[in-house]
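Trainee: Sharing a structure, written as structure tokens. Questions coming.
The values are calculated or read from the model by the stated rules, or taken from the named source; none is laboratory data. Small disclaimer: the values here were computed from a predicted structure and weren't measured. With ideal geometry, Cβ positions are generated from the backbone for all residues, glycine too; neighbour counts draw on all protein chains shown.
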């Protein structure tokens, strides 16, 4: 057994080096907008600027305020976590007929209020392609489709949906859908889900509908 010890040491060192690369970046209206935005004092004015200064597995904190910005993550911007100051404080919105936030693979959004206020509201938080996984946790969504996911998994937990046309659209297919501990309220005639999945966990949610019967489309296959 001792002869394998150097091999294990190399593995541990490589794993530690991977963890060490994770960093923190900041976006805020009160920072100096100084690259690479690694503190609240030097925070980026534009969320995309903080994204492009980051690497996979980094965390980006978004301060309180209104962010009328379209976020466009690139393919290489994977495995990033975005943490807002709370759904009553960090407000990302648009009135343009475009996806508000286009996320890369394994993006995590937490404690952010997403609002699509346009006449032709589209999607608030969406995976970039049909092969990517995203997570929304503790977020609020208003207008259009809340979350559009695909790929290996789409997970939505502890979120609030107010007057959304659709809570989750995974109609292009997702291997695993998790929709848990959410609150959905609407005065319009919504399609709550439009999903195609191999495995679904939909539990402990509250749905409140005023005057309308909810619509839903669930498709499942016996895949792995």
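Trainee: Which of the residues that make up the range 79-97 are closer than 15 Å to residue 126 by Cα, modelled with pLDDT of 95 or more and not in a strand (DSSP E or B)?
Mentor: Once the filter is applied, which keeps residues that are closer than 15 Å to residue 126 by Cα, modelled with pLDDT of 95 or more and not in a strand (DSSP E or B), the range 79-97 yields 79, 80.
Trainee: Could you list, in sequence order, the residues of the range 136-151 that are at pLDDT 90 or above, buried (at least 21 other Cβ atoms within 10 Å of the Cβ) and part of a strand (DSSP E or B)?
Mentor: Answer for the range 136-151, where residues must be at pLDDT 90 or above, buried (at least 21 other Cβ atoms within 10 Å of the Cβ) and part of a strand (DSSP E or B): 136, 140, 141, 145, 146, 147, 148.
Trainee: Among the strands (runs of 3 or more DSSP E) lying completely within the range 170-224, list those that include at least 3 residues that are at pLDDT 70 or above, surrounded by fewer than 17 Cβ atoms within 10 Å (Cβ to Cβ) and out of contact with any helix residue (DSSP H, G or I) (no Cβ under 6 Å at 6 or more places or on another chain). So that I can check it myself, show each step before the final result.
Mentor: Details: elements: 183-186, 191-203, 206-209, 215-220.
Filter on the range 170-224 gives 191-203, 206-209.
Trainee: Please enumerate the residues belonging to the range 58-76 that are closer than 17 Å to residue 136 by Cβ and part of a loop (DSSP other than H, G, I, E, B).
Mentor: 73
Per-residue answers, yes or no, for (1) more than 24 Å from residue 173 (Cα to Cα); (2) surrounded by 18 or more Cβ atoms within 10 Å (Cβ to Cβ); (3) in contact with a helix residue (DSSP H, G or I) (Cβ under 8 Å, 6 or more places away or on another chain):
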{"site": "68", "(1), (2), (3)": "yes, no, no"}
{"site": "108", "(1), (2), (3)": "no, no, no"}
{"site": "121", "(1), (2), (3)": "no, yes, no"}
{"site": "128", "(1), (2), (3)": "no, yes, no"}
{"site": "160", "(1), (2), (3)": "no, yes, no"}
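Trainee: Among the residues in the range 5-23, are any at pLDDT 95 or above, in contact with a strand residue (DSSP E or B) (Cβ under 9 Å, 6 or more places away or on another chain) and more than 14 Å from residue 103 (Cβ to Cβ)?
Mentor: Yes: one or more hits.
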